[in-house]
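The values are calculated or read from the model by the stated rules, or taken from the named source; none is laboratory data. Values in this document were obtained by computation on a predicted structure and should not be read as measured data. Positions of Cβ are backbone-derived with ideal geometry, glycine not excepted, and every protein chain shown enters the neighbour counts. Heads up: the accessible areas ignore ligands, DNA and RNA and are worked out on the full protein's heavy atoms, side chains in. Shrake-Rupley method; radii C 1.70, N 1.55, O 1.52, S 1.80 Å.
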Amino acid sequence: MLKICVDIGGTKTIVGLINEELEIVASQKFKTNKDMPEKEFNEIISIANDYLTNYKDVDKTALNIAMPGPCDYTQGLFLNPPNLQKYKGFNAGAYIMQNSKFNPQFVNDTDAAILAEHQYIKAQTKDFIYLTISTGVGMAYMKKGELVSGVDGNFGEIGHTVIKNDSSYQCPVCKQYGCVENEVSGLAISIKASDILQREVSTKEAIEMYVQGEDKTVTQMIEEVLKLTQQLCTNLFSVFNIYHIVLGGGVTKSPLPYKESIETYVKAHHLIRHSPISIKISDLEANVLTGLYFVNE
């Protein structure tokens, strides 16, 4: 059975057709319409209907959608998505049911990702956290093989918890100083490097400068980012009493030594000595899109 799955991001949207082996049979990508949610979902519905017409063995009602939070995922209601402010208050679930025959299901993108990751780690453990570090920072939690999603699907909004209380960087979203997303995300690295060098610096360039040792201040900044990430993961190991964290997102696939540095720090500071701590860098492609296959399983 094939299922239609949708990954809505702040910049692009992917509508894919996924099989039970988590293979992408077909996919179409388009630029997310940030200003008009109705047009965004009209395009999604149109592509989904094309899949029904052109492919066999497609679930005719399933439309599994990952949306950037915070949202009320029980009904597909956008609450206050930082990168899609024009969507605030838009009920995607009601709109889809009024304009199609689909029965949509909604989840946070990190929840979709952990559903895919679970298929490959469940032989090793049924309890783990998925932490994504890219433009933003997100978290999902699998407990005894079951996704913990919270009251309305917003469990794991860790990006806007404070990790550095003496920070000089105020988050434009939550208005706090020193929140996780504003300190350790890829965007945070870019902003901090740009401030240091007084010119625009991409995340990729800043990381390359760190690897090459080109600028002492940039090196110190990224070392602090790594240290804060190590402390964050130590907190997660302690609070959730787990031994496994899977890291995803583009920044964690960079040359920065996330796995080694986090494992070393946690083993030195975690109160349960000699615990089997494991950090794994995800090697799955499109884990959000493919993980959506399991949303209504």
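Filtered by the rule that a residue be without any contact (Cβ under 8 Å) to a residue 60 or more places away in the chain, open to solvent by 10 Å² or more (accessible area, probe 1.4 Å) and of a type in the set (A, V, I, L, M), the stretch 1-44 gives Met1, Leu2, Val25, Ala26, Met36.
If the condition is being touching a Phe, Trp or Tyr at 6+ places or on another chain (Cβ under 9 Å), part of a strand (DSSP E or B) and closer than 18 Å to Asn99 by Cβ, then the stretch 14-46 contributes only Val15. Among the residues of the stretch 238-245, are any touching a His at 6+ places or on another chain (Cβ under 9 Å) and either without any contact (Cβ under 8 Å) to a residue 60 or more places away in the chain or assigned to a loop (DSSP other than H, G, I, E, B) (or both)? Yes: one or more hits.
Considering Ala92, Ala113, the condition of being at pLDDT 95 or above, open to solvent by less than 20 Å² (accessible area, probe 1.4 Å) and either over 17 Å from the mean Cα position of the chain (by Cα) or not polar (S, T, N, Q) (or both) is satisfied by Ala92 alone. Among the residues of the stretch 192-203, is any in a helix (DSSP H, G or I) and of a type in the set (D, E, K, R)? Scanning the stretch 192-203, I find at least one residue that is in a helix (DSSP H, G or I) and of a type in the set (D, E, K, R), so the answer is yes. Within the stretch 203-233, the residues that satisfy the criterion of being open to solvent by less than 60 Å² (accessible area, probe 1.4 Å) and without any contact (Cβ under 8 Å) to a residue 24 or more places away in the chain are Glu205, Ala206, Met209, Gly213, Asp215, Thr219.
Note on the stretch 101-121: residues that are touching a Phe, Trp or Tyr at 6+ places or on another chain (Cβ under 9 Å) and either within 19 Å of Ser278 (Cα to Cα) or polar (S, T, N, Q) (or both) amount to 11.
When the stretch 265-297 is filtered for residues that are assigned to a helix (DSSP H, G or I), open to solvent by less than 30 Å² (accessible area, probe 1.4 Å) and farther than 22 Å from Thr74 by Cα, only Val266 remains.
Looking at Glu214, Glu208, Glu224 in this structure, which one is closer than 30 Å to Ile272 by Cα and either part of a helix (DSSP H, G or I) or more than 18 Å from the chain's Cα centre (by Cα) (or both)?
On inspection, the qualifying residue turns out to be Glu224.
Once the stretch 151-177 is narrowed to residues that are out of contact with any helix residue (DSSP H, G or I) (no Cβ under 9 Å at 6 or more places or on another chain) and not hydroxyl-bearing (Ser, Thr, Tyr), the residue that is surrounded by the most Cβ atoms within 10 Å (Cβ to Cβ) is Glu157. Screening Glu183 with (1) among the charged types (D, E, K, R); (2) part of a loop (DSSP other than H, G, I, E, B); (3) within 20 Å of Glu224 (Cβ to Cβ) gives one miss only, at (2).
Residues in the stretch 274-297 that are more than 16 Å from the chain's Cα centre (by Cα) and either under 22 Å from Ile65 (Cα atoms) or hydrophobic (A, V, I, L, M, F, W, C) (or both): Ile277, Ile279, Tyr293, Phe294, Asn296, Glu297.
Checked against the criterion of being modelled with pLDDT under 95, in contact with a Pro (Cβ under 6 Å, 6 or more places away or on another chain) and assigned to a loop (DSSP other than H, G, I, E, B), the stretch 53-65 contains not a single residue that satisfies it. Scanning the stretch 85-139 for residues that are farther than 14 Å from Gln75 by Cβ, of a type in the set (A, V, I, L, M, F, W, C) and in a strand (DSSP E or B) turns up Phe128, Ile129, Leu131, Ile133, Val137, Met139.
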